[in-house]
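J.: One structure, as structure tokens, below. Some questions next.
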């Protein structure tokens with residue numbers, strides 16, 4: 001049994017949420033490149049994604065429906081970073097078909113890809129869209145910004 005006190009999760013607006021949460025583990029390289037605060041992006045996320053979200057589950061569902069409604073499927077994406085939970089290698093290109101089922105996206109945003117002849121869910125944060133339309137590019141940028149800021153659900 002550990003005697004260490006666990007830190008309380010912090011929401012994007014700086015309040016302690018008091019609920020267990022998932023932190024996105026970034027590679028050492030990406031952790032050093034935390035994006036500068038972007039007031040316009042912060043306002044868009046607050047007003048379009050997590051508006052009326054009163055807890056981690058509602059924030060996750062806000063992100064899910066924002067991304068699902070904004071990205072135009074299918075599209076090509078390139079793996080930009082390896083993740084333990086994904087078989088993709090950096091530089092690999094895949095077809096993103098749609099968002100993973102809602103229940104699979106409670107702690108991370110996952111997308112279904114076509115990989116080696118089957119469908120597989122992988123984290124959106126490890127992908128970059130190849131020649132996306134404007135809406136898809138903005139949705140990707142918003143999610144990568146959220147993850148890069150180490151925001152929590």
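J.: Of the numbered conditions (1) out of contact with any strand residue (DSSP E or B) (no Cβ under 6 Å at 6 or more places or on another chain); (2) surrounded by fewer than 15 Cβ atoms within 10 Å (Cβ to Cβ); (3) at pLDDT 95 or above, residue 52 fails exactly one; give the number of that condition.
T.: So residue 52 meets the others, but not (3).
J.: Within the set of pairs 6+ apart or on separate chains, which have a first residue in the range 66-93 that is surrounded by fewer than 19 Cβ atoms within 10 Å (Cβ to Cβ), a second that is part of a helix (DSSP H, G or I) and at pLDDT below 95, and C-beta atoms under 8 Å apart?
T.: 81/30
J.: Continuing with the same structure: With respect to residue 68, is the statement that it is outside any loop (DSSP other than H, G, I, E, B), at pLDDT 95 or above, touching a strand residue (DSSP E or B) at 6+ places or on another chain (Cβ under 6 Å) and closer than 19 Å to residue 144 by Cα true?
T.: yes
J.: Identify all residues within the range 103-126 that are closer than 14 Å to residue 73 by Cα and buried (at least 16 other Cβ atoms within 10 Å of the Cβ); write none if there are none.
T.: Passing the criteria: 110, 111, 112, 113, 124.
J.: Then there is this: Give the residue that is modelled with the highest pLDDT, with candidates limited to residues of the range 14-34 that are exposed (fewer than 13 other Cβ atoms within 10 Å of the Cβ) and within 20 Å of residue 137 (Cα to Cα).
T.: Restricting to residues being exposed (fewer than 13 other Cβ atoms within 10 Å of the Cβ) and within 20 Å of residue 137 (Cα to Cα), the top hit is 34.
J.: So which residues in the range 38-49 are without any contact (Cβ under 8 Å) to a residue 40 or more places away in the chain, over 26 Å from residue 97 (Cα atoms) and loosely packed, with under 15 Cβ neighbours inside 10 Å, if there are any at all?
T.: Within the range 38-49, 39, 40, 43, 46, 47 meet the criteria.
J.: Do we find that residue 91 is over 18 Å from residue 141 (Cα atoms) and modelled with pLDDT of 95 or more in this structure?
T.: yes
The values are calculated or read from the model by the stated rules, or taken from the named source; none is laboratory data. Not measured: the values here are computed from a predicted model. Neighbour counts run over all protein chains shown; Cβ positions are idealised from the backbone, glycine included.
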